[in-house]
Amino acid sequence: MSDQQPQQPVLDIREGYKEKFGFHDDIAPVYKSRKGLDPEVVSTISEMKKEPAWMREFRLKSLEHFERKPMPTWGGRLSDIDFQDIYYYLKPVDEQGRTWEDVPADIKRTFDKLGIPEAEQKFLSGVGAQYDSETVYHKIKESLSAQGVIFLDTGSALEQHPDLFREHFGTVIPPSDNKFAALNSATWSGGSFIYVPKGVKVELPLQAYFRINAQNMGQFERTLIIVDEGAFVHYVEGCTAPIYATDSLHAAVVEIVVKKGGRCRYTTIQNWSNNVYNLVTKRAMAHEDATMEWVDANLGSKLTMKYPSVYMVGRGAHAEILSIAFAGKGQHQDAGAKVVHAAPDTTSNVMSKSISKDGGRAGYRGLVKVTKGSGGCKSTVKCDALILDEDSRSDTYPYMEIEEDMVSIGHEATVSKIGDEQLFYLMSRGIPEDEAAAMVVSGFIEPITKELPMEYAVEMNRLIQLQMEGSVG
Amino acid sequence: MTPTLHIKDLHVAVEGKPILKGLSLSVNKGEIHAIMGPNGSGKSTLANALMGNPKYEITSGQVLFHGEDISEWAADERGRKGLFLAFQYPTAIPGVSVANFLRMALQARRKAAGDEKPLPPKEFRKLMKEKMALLRVDDSFAGRYINDGFSGGEKKRAEILQMAMLRPEIAVLDETDSGLDIDALRIVSEGVNALAGPDLGVLLITHYQRILNYIKPQFVHVLVDGRIVKSGGSELAHELEAHGYDGIREASAA
Ligand SMILES: Nc1ncnc2c1ncn2[C@@H]1O[C@H](COP(=O)(O)OP(=O)(O)O)[C@@H](O)[C@H]1O
């Protein structure tokens, strides 16, 4: 059996994407590293950022890990990535904006088109906007900073909160974790740093938006979130990129620490163009009675390999991982979840919904692990796949490592197709075929979209509609 | 006068097998027709073919709606034009609420009628409430997923609720009485009667005479083996009740 996907031209797909998200700006960056990766490029990034020596050492060591580690042979087809054909650092502006007026007009126009300043006004506690390698705008409501909430781009956090930063950075995901975590650790730039002090609840979400603009770009943002005891935060990230004929690479690392009784929700709406490799490591440590929730929707990219994970290291911790993977023509979504029950009485709930169409491939890859001594754990995993046509494919790879007897583990998987009767029924009421199909798909993922704030649920359904346009025939 | 719905010498095949073998019938707005026939006579085939189910192939003949041949039209075009089918077995669409579905459907129908603007949310809710009261379903119904976990009676009520919202010109009711207890049958029939009037033509497809105690047709047609073998007034239904389909079959063969 072959795992290889035939190479498909990327220019003619997701037509609707082009107009709304697939445009690009012709801007002259302030600095662009030469193509390719070596210690010199890595050192230059560190120098340009005026980092302390320990960080430069960390980067160079990480580069060694990256070079030593073999490419994963599972997941998706990675062999086409040419690491020497990528720009690893591209600085679009000299300084980060404190107001949108500070942001260069071209770049601001892009974020306007994407609706970011508007959303900030309406329903967010703070916004970060990253453009290629750097954050061009970052702001949090003053009432929150007054309570001690920190929301900065990660580079600024290293500068302004060196101790808090160093205490946690790289502790959840060490550079040696996997090849792409090592790559990120060597080249990281941008991303969000959040600290929520004890007992503080951030009511409205904080949002970051990641935009790739340049061709052959590598974006390596790095996010670190620390939720102190009894605190709460909801962080939302979105991303898009122009459509290019050559590939871009997005390899982020997201580390989260949720302390005793705290709760963190992390929502992603991944909508990269179809020429982006999206290889992201996301992991959270949940301490005693803490709750970590990943809501992870993947609609874009050429290949996504992403398995948000939660290590439950304190008694009574809880993990919730809800994911959507939508693979259209030429796309492969290898998404999933990983829950590690490393303390007694911890509970987890995993729900995955995958949709594949026009030859796309979407799958669930998941691990449930219970370590010895973690009695009283409970885990339920439910994966549902919806396949829209004969050419498309869905895979499920559930792994389990259970080292304890007194646990309750449930796993359930279903595969379905859009029924002709469903389409006929909806169409008989006057609804056009592609809208009818989009409706069935929206219904299929509803158990997850209903978890999203209203604005994002609307956005999500709009994106699904875009994916479905002109598809059925 | 051009009939609202005019079925002309309709032949329909399912998976290559001829089922309807030359069926002709006209239904006008303001009329209620009943088509009665034994199992396998082609009743559901007629309903599906009229609505444009792609599984049912019109091999010859025509379906005219306001004089326009719609036999080649997709189901959604027919629906937007004002044709409606109350399904015998309504399909569940998990995750899609009745209200959302009806909002989309109503918008599509209004758009086809030249009104680009969707109904304002407030008016839509008011309309929903009014029609749900007519079918005696409680408010929570709007938020439930279409036909998902509905009882037989709820499904049929939901069909008539949709009909009430979409206000078709011609409604085909495919064995709407099947699987209903007496109370549910009464509620559903009252719903249909409340909607009937000069703006609506009804084609009621049924195996049993029972529903005709509640909905009174002016015209009754007997379908046997893909053809209408006898047409008459409401007295024909009673004749059927007394003599069964065999009596009619023999009489028409003679
Ligand atoms: N979807 C279908 N696939 C195959 N055969 C069908 C289908 N629908 C109807 N038929 C056949 O067509 C004939 C008429 O069926 P139908 O129209 O359902 O009659 P009625 O509704 O009067 O019982 C039957 O022989 C039935 O087996």
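The values are calculated or read from the model by the stated rules, or taken from the named source; none is laboratory data. These numbers were taken from a predicted model, which means no experiment stands behind them. Backbone-built Cβ (ideal geometry, glycine too); neighbour counts: all protein chains shown. Keep in mind that these areas ignore ligands, DNA and RNA; they rest on the heavy atoms of the full protein, side chains included. Shrake-Rupley method; radii C 1.70, N 1.55, O 1.52, S 1.80 Å.
Let me confirm something: among B:Arg125, B:Arg110, B:Arg136, which residue is within 14 Å of another protein chain (Cβ to nearest Cβ), open to solvent by 40 Å² or more (accessible area, probe 1.4 Å) and not aliphatic (A, V, I, L, M)?
Going through B:Arg125, B:Arg110, B:Arg136 in turn, the sole match is B:Arg110.
When the range A:286-308 is examined, which residues are found to be open to solvent by 10 Å² or more (accessible area, probe 1.4 Å), in a strand (DSSP E or B) and of a type outside the set (D, E, K, R)?
A:Thr291, A:Met305
Return the pair list, or none, for Cβ contacts closer than 7 Å from residues in the range B:1-18 that are within 14 Å of chain A (Cβ to nearest Cβ) to residues that are open to solvent by 80 Å² or more (accessible area, probe 1.4 Å) and near the ligand (Cβ under 9 Å from one of its atoms), at least 6 apart or on different chains.
As it stands, the answer is B:Val14/B:Lys55, since those pairs meet every condition given.
Given the condition without any contact (Cβ under 8 Å) to a residue 12 or more places away in the chain and surrounded by fewer than 16 Cβ atoms within 10 Å (Cβ to Cβ), answer yes or no: does some residue in the range A:90-97 qualify?
yes
Would you check if there is a residue in the range A:199-210 being at pLDDT 95 or above and farther than 28 Å from A:Met460 by Cβ?
yes
What single numbered condition from (1) within 24 Å of B:Ala92 (Cβ to Cβ); (2) in a loop (DSSP other than H, G, I, E, B); (3) touching a helix residue (DSSP H, G or I) at 6+ places or on another chain (Cβ under 6 Å) fails to hold for B:Pro168?
With (1) within 24 Å of B:Ala92 (Cβ to Cβ); (2) in a loop (DSSP other than H, G, I, E, B); (3) touching a helix residue (DSSP H, G or I) at 6+ places or on another chain (Cβ under 6 Å) applied to B:Pro168, the lone miss is (3).
May I ask you to list the residues in the range B:16-26 that are within 10 Å of the ligand (Cβ to nearest atom), open to solvent by 10 Å² or more (accessible area, probe 1.4 Å) and at pLDDT 95 or above?
B:Lys17, B:Pro18, B:Ile19
Could you go through the range B:77-88 and let me know if any residue there is more than 16 Å from the ligand (Cβ to nearest atom), hydrophobic (A, V, I, L, M, F, W, C) and under 15 Å from B:Met163 (Cβ atoms).
yes
Tally up the residues in the range B:220-239 that are in contact (Cβ under 8 Å) with a residue 24 or more places away in the chain, within 20 Å of B:Thr45 (Cβ to Cβ) and of a type outside the set (D, E, K, R), please.
Residues meeting the conditions: 7.
Which residues, counting only those in the range B:93-106, are open to solvent by 20 Å² or more (accessible area, probe 1.4 Å) and under 21 Å from the mean Cα position of the chain (by Cα)?
B:Arg103, B:Met104
Quick grid of which residues meet (1) open to solvent by 70 Å² or more (accessible area, probe 1.4 Å); (2) more than 13 Å from every other protein chain (Cβ to nearest Cβ):
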{"site": "A:Met400", "(1), (2)": "yes, yes"}
{"site": "A:Ile409", "(1), (2)": "no, yes"}
{"site": "A:Val415", "(1), (2)": "yes, yes"}
{"site": "A:Asp420", "(1), (2)": "yes, no"}
{"site": "A:Tyr425", "(1), (2)": "no, no"}
{"site": "A:Ile431", "(1), (2)": "no, no"}
{"site": "A:Ile445", "(1), (2)": "no, no"}
{"site": "A:Thr449", "(1), (2)": "no, no"}
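Run B:Ala86 past the list (1) away from chain A (no Cβ under 14 Å); (2) within 17 Å of the chain's Cα centre (by Cα) and report the number of the one that doesn't hold.
Among (1) away from chain A (no Cβ under 14 Å); (2) within 17 Å of the chain's Cα centre (by Cα), B:Ala86 violates only (1).
In the range A:44-72, how many residues are within 25 Å of the chain's Cα centre (by Cα), farther than 21 Å from A:Asn178 by Cβ and surrounded by fewer than 15 Cβ atoms within 10 Å (Cβ to Cβ)?
0
Look through B:Lys29, B:Lys43, B:Lys8, B:Lys55 and report the one residue that is over 29 Å from A:Val441 (Cα atoms) and within 11 Å of the ligand (Cβ to nearest atom).
Exactly one of B:Lys29, B:Lys43, B:Lys8, B:Lys55 is over 29 Å from A:Val441 (Cα atoms) and within 11 Å of the ligand (Cβ to nearest atom), namely B:Lys43.
In the range A:309-358, what residues are modelled with pLDDT of 95 or more, surrounded by fewer than 24 Cβ atoms within 10 Å (Cβ to Cβ) and part of a loop (DSSP other than H, G, I, E, B)?
Once the filter is applied, which keeps residues that are modelled with pLDDT of 95 or more, surrounded by fewer than 24 Cβ atoms within 10 Å (Cβ to Cβ) and part of a loop (DSSP other than H, G, I, E, B), the range A:309-358 yields A:Val313, A:Gly314, A:Arg315, A:Gly316, A:Ala342, A:Ala343, A:Pro344, A:Asp345.
Residues that are surrounded by 22 or more Cβ atoms within 10 Å (Cβ to Cβ), out of contact with any Pro (no Cβ under 9 Å at 6 or more places or on another chain) and part of a strand (DSSP E or B): does the range A:390-398 have at least one?
yes
Any idea how many residues of the range B:139-163 are hydroxyl-bearing (Ser, Thr, Tyr) and away from chain A (no Cβ under 14 Å)?
2
Which of the numbered conditions does B:Ala75 fail, given that it passes all the others? Conditions: (1) aliphatic (A, V, I, L, M); (2) under 19 Å from B:Lys155 (Cα atoms); (3) facing chain A (nearest Cβ under 7 Å).
(2)
Any residue at all in the range B:58-74 that's within 16 Å of the ligand (Cβ to nearest atom) and among the aromatic types (Phe, Trp, Tyr)?
no
Going through B:Gly179, B:Gly191 one at a time, which residue ends up being at positive phi and either touching a residue at least 12 places away in the same chain (Cβ under 8 Å) or not in a helix (DSSP H, G or I) (or both)?
Every option except B:Gly179 fails the conditions.
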